[in-house]
Amino acid sequence: MRDHGEKESVELVVHDEESTRGSVAARAEELVVKDRADILMGPYSSVLTLAVAPVAERYRKVMWNHGGSSDAIPHSSFRFTVSIPSPASRYFVGILEMVKALDPSSSRVALLHGRSGTFPLAVVSGAEAYAKDNGLRVVLRAPYSPTPAGFASLVSRIAASQPDVILGAGRTEDDLRLARQLRAQRVGAHVMGLVAAPIQLFGQNLGKDAHGFFGPSQWEPSVRGQPDVGPTSAEFVARFRDRFWKEPDYPAAQAYAAGLVAQRCIEAAGTLRDELVRRVASELAMSTFYGGFKLDAVTGEQIGHELVIIQWQGKAKRIVWPLEMAEARSQIPSHPYV
């Protein structure tokens with residue numbers, strides 16, 4: 001923004017990173033060096049974010065991380081990466097807190113995870129640490145099957161461990177395979193939670209079999225409240241719907257929120273100089289429609305944002321935890337929807 005109310009034009013430059021680490025690092029360097037981007041928005045996925053972070057460090061360029069929640073990102077001491085989402089190690093903590101509060105007789109936990117990337121391992125490791133510290137017993141920790149056909153055997157193994165709670169974190173297609181087999185074999189757990197459960201695709205693919213599943217969500221359209229900066233959730237959803245003719249999932253909300261945080265930091269710094277913008281980010285505490293923003297002073301981990309837990313109830317998903325944000329009661333144990 002110039003003086004006297006005159007606005008400068010903004011150019012959006014987008015490169016296809018082809019979902020590979022080598023390509024995403026090369027495209028990020030191109031944005032910084034050739035395109036001379038003033039603001040660098042990160043890619044989607046923890047693996048790709050970890051590939052871009054060293055580029056941001058090398059050029060001392062702030063990368064606004066909206067798509068990577070692996071704990072490896074802040075724990076790798078990338079000073080110029082500013083993370084918007086809650087870290088992966090917190091994903092299943094809310095579900096276990098809910099179980100402790102609402103179903104204290106459930107104590108046996110099975111943890112399943114994808115075979116690649118740092119994100120799935122961080123999710124289940126965080127859940128395992130919480131379980132051990134809070135009187136819950138992890139009766140099984142196992143990787144997903146390497147083949148689609150192997151999920152039936154995996155679920156038989158899960159059933160044999162007799163868990164009260166089943167939690168799984170992997171690629172969306174693998175979470176869906178696990179969910180189908182859990183329903184097909186009628187595993188008698190009280191609570192079943194999957195990382196993929198909050199996305200609309202989960203309900204669309206499983207139909208009535210989605211009923212009862214829980215999942216951790218970085219953001220839900222129904223979250224209410226008046227943010228410090230930017231639109232409310234309802235306003236964001238309406239704008240997104242008008243622009244793209246579909247409902248937004250949490251990745252769109254994360255990217256938009258990253259833009260709001262970047263804007264606030266640049267305005268407060270009074271400059272686009274990355275060193276000063278990063279310094280403002282380290283001291284900033286604010287809220288957007290996506291939730292809170294505050295970085296840990298030592299690690300740079302996102303500590304201001306809180307995940308919500310959803311449950312599919314009938315044909316709709318509802319926020320059920322934490323209680324102060326809930327729009328429906330948790331159904332525990334959850335039974336197949338008829």
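Please determine, in degrees from 0 to 90 and to the nearest 10, the orientation of helix 151-160 with respect to the longest principal axis defined by the Cα atoms of the chain, where the helix direction is its Cα long axis.
Orientation of helix 151-160: about 60 degrees from the principal axis.
Between E327 and S153, what is the label-to-label distance in nm when each label sits 7 Å out along the Cα-to-Cβ direction?
Output for this residue pair reads 4.2 nm.
Calculate, for region 94-159, the solvent-accessible area per residue in square angstrom, rolling a 1.4 angstrom probe over the heavy atoms of the protein chains.
Per-residue value: 43 Å².
Where Rh is the Kirkwood radius over the Cα pairs of the chain, the temperature 4 °C and the viscosity 1.567 mPa s, what D in µm²/s does Stokes-Einstein return?
Rounded, D is 62 µm²/s.
Ignoring any ligand, DNA or RNA, what whole percent of the accessible area of region 204-338 comes from carbon and sulfur when the probe is 1.4 angstrom?
The computed percentage sits at 50.
As a test question: what accessible area, to the nearest 10 Å², does H190 have when a 1.4 Å probe is rolled over all protein chains in place?
50 Å²
Out of all DSSP beta bridges in the chain, what portion is antiparallel? Express it as a percent rounded to 5.
35 percent
Run a plain Debye calculation on region 144-230 (Cα atoms as equal point scatterers, no solvent) and give log10 I(q)/I(0) at q = 0.23 Å⁻¹, rounded to two decimals, same order as the q list.
With one equal scatterer per Cα and no solvent, log10 I(q)/I(0) is -1.16.
Pairs on different chains or at least eight residues apart, Cα atoms closer than 26 Å: how many lysine pairs in the chain fit?
11
Pop a pseudo-label 7 angstrom from the Cα along the beta-carbon direction at both F244 and D133 and give the gap in nm to one decimal.
Label-label distance for F244 and D133, simple model: 3.5 nm.
Once you put a point 7 Å from the Cα of R186 and another 7 Å from the Cα of T271, both along the Cβ direction, what distance in nm separates them?
Distance between the two pseudo-spin positions: 6.9 nm.
For E306, E220, write out the residues from largest to smallest accessible area, computed with a 1.4 angstrom probe and no ligands counted.
Most to least solvent-accessible, the answer reads E306, E220.
At 1.4 Å probe size, put Y290, Y44, Y130 in order of accessible surface, largest to smallest.
Correct descending sequence by accessible area is Y44, Y130, Y290.
Around L31, with a cut-off of 14 angstrom between Cβ atoms, what is the net charge of the other residues, counting Lys and Arg +1 and Asp and Glu -1?
-3
Could you give me the ³J(HN,Hα) list for region 318-323, computed from phi with Karplus coefficients 6.51, -1.76, 1.60 and θ = phi - 60°, whole Hz, x at Gly and Pro?
Karplus values, whole Hz, x for Gly and Pro: 10, 6, 10, 7, x, 4.
Can you give the calculated 222 nm mean residue ellipticity of the chain, where each DSSP H run of n ≥ 4 adds -39,500 (n - 2.57) and the sum is split over every residue, rounded to the nearest 500 deg cm²/dmol?
Mean residue ellipticity at 222 nm (helix-derived): -11500 deg cm²/dmol.
How far is the Cα center of region 270-338 from the Cα center of region 212-228, in Å?
Result: 7 Å between the Cα centres.
Show me, for region 257-268, the HN-Hα J-couplings you get by feeding each phi into the Karplus relation (A = 6.51, B = -1.76, C = 1.60, θ = phi - 60°), rounded to Hz, glycine and proline as x.
After applying 6.51 cos²θ - 1.76 cosθ + 1.60, I find 5, 4, x, 5, 5, 4, 4, 4, 5, 5, 4, 5 Hz.
Sort Y250, Y59 from largest to smallest accessible area, using a 1.4 Å probe on the heavy atoms of the protein chains.
Descending order: Y59, Y250.
To the nearest 10 Å², what's R318's accessible area with a 1.4 Å probe?
Accessible area of R318: about 100 Å².
Kindly report the accessible area of region 226-269 per residue (heavy atoms of protein chains, probe 1.4 Å, no ligands, DNA or RNA), in Å².
Heavy-atom SASA per residue in region 226-269 reads 55 Å².
Summing +1 for each Lys or Arg and -1 for each Asp or Glu, what net charge is found among the other residues whose Cβ lies under 11 Å from the Cβ of H190?
-1
Which residue, V124, V298, V261, has the most motion in a Gaussian network model of the chain that connects Cα atoms within less than 10 Å?
V298
Consider just the alpha-carbon atoms of region 34-136 and return their Rg together with their Dmax, both in angstrom.
Cα radius of gyration and Dmax of region 34-136 are 16.7, 59 Å respectively.
Can you tally the net charge around E275? Count Lys and Arg as +1, Asp and Glu as -1, for every other residue whose Cβ sits under 13 Å from the Cβ of E275.
Spelling it out: positives minus negatives among the neighbours equals +4.
The values are calculated or read from the model by the stated rules, or taken from the named source; none is laboratory data. Remember, it's a predicted structure, so these values are computed and weren't measured experimentally. Virtual Cβ from ideal backbone geometry, glycine too; neighbours counted across all protein chains shown. In case anyone asks, the SASA skips ligands and DNA or RNA and just uses the protein heavy atoms, side chains included. Shrake-Rupley method; radii C 1.70, N 1.55, O 1.52, S 1.80 Å.
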